[in-house]
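J.: The structure is given below, and queries will be raised subsequently.
The values are calculated or read from the model by the stated rules, or taken from the named source; none is laboratory data. Predicted model only: the values in this text are computed from it and were never measured. Cβ placement follows ideal geometry from the backbone for every residue including glycine, while neighbour counts extend to all protein chains displayed. In case anyone asks, the SASA skips ligands and DNA or RNA and just uses the protein heavy atoms, side chains included. Shrake-Rupley method; radii C 1.70, N 1.55, O 1.52, S 1.80 Å.
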Amino acid sequence: MISLGIIGTNWITEQFIKATDITKTFALTHVYSRTEAKAKSFVEDLDKKNINISTDLTAFFKENFDTVYIASPNGLHFEQAKQAIENNKNVIVEKPSTSTIKEFTILEKLAQEHDVYLFEAARHIHEPIFKKIAEIVAKHRDELSGATFSYMKYSSRYDAYKAGKNPNVFTTRFSGGALYDLGVYTVYDAVVLFGQPEKVDYDAEFLASGVDGSGALTLKYPNFDVNIIIGKTKNSYMSSEIYFGRDTLLLDNGGDISHLDWADDNKNITDVPTPKSENPMDSEAHEFARIMTENDQASYDKLLQYARTVNRILEQARTSAGIVFDADEEK
């Protein structure tokens, strides 16, 4: 098993650690947190023993472990990943891995120089159900005529924002907003299934903090459009769809996909049987570990290309909408 350090003691980190336990891929050995008490509580909740805890990030990266999983606020990803790579750690960083394409390019170059792996953790593209979607799209590629992806969930932090507090996910300082959270899933949908679009346009609904609470994103391809609806200030129960002329593949949403249906021209709807992961992050944990263990350069290059394209589209989208992050300042 690959020794693992983590940054971020939150629900998604806990889910990733549980996925590594299921898949027996990574072994948690080190935890970084700003407070020792929070780190100890996190470790105890996971029932882990003999875990090294650090409250100093520089000292943390000097420790003896192979890979770091970063699940801090978006605006911290770049500096933490950069420091990790400079200390010869493999990096798994939650999506989006960076706030700007310039940051991504720097990390990619550094990872190559230090001969380490850089993974962006877009977990849903590794799940069996997404592989099924890709299989269907490939089979019906000649009839492909567009898609609509919807992913809108009322954020657990939005009430705090409305109460005058300043949650990280709704600030430009930490590169927050709908596009750089739920929107990343839907952009990955389009990139993995259809490739790189020719044009990107984002119409955002702004919050007073300067980030987008929701919005509509259009990705233009040579022969069709992909329309994306995202939001963190409201709930939507609209399904997502991929169009094949007369027929349509229905997804329950564009991010946390759990069910597929096929609808024909006569409105006959048929369930598409698909396996579901026990933990939504176990497939990505298995794949990252497999690539590292087998030194599968082809698979790694493909994931890196996806991440590069997605991060470029995200920047193009928010630029078209006029969203400015603190990270846009010259480094």
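J.: Can you tell me which residue is surrounded by the fewest Cβ atoms within 10 Å (Cβ to Cβ) among those in segment 157-173 that are over 18 Å from the mean Cα position of the chain (by Cα), within 22 Å of S99 (Cα to Cα) and not basic (K, R)?
T.: The residue in question is N166.
J.: Strands (runs of 3 or more DSSP E) wholly in segment 214-331 with at least 1 residues that are touching a helix residue (DSSP H, G or I) at 6+ places or on another chain (Cβ under 7 Å), at pLDDT 95 or above and open to solvent by less than 80 Å² (accessible area, probe 1.4 Å) - which ones?
T.: In segment 214-331, the matching strands (runs of 3 or more DSSP E) lie at 225-231, 240-244, 247-251, 260-263.
J.: Residues to consider are H114, H140; find the one that is out of contact with any helix residue (DSSP H, G or I) (no Cβ under 8 Å at 6 or more places or on another chain) and open to solvent by 20 Å² or more (accessible area, probe 1.4 Å).
T.: H140
J.: In addition: Return the residue satisfying two criteria in turn: it lies in segment 90-103 and is over 19 Å from Q297 (Cβ atoms) and either in a helix (DSSP H, G or I) or not β-branched (V, I, T) (or both), and of such residues it is most open to solvent (accessible area, probe 1.4 Å).
T.: K102
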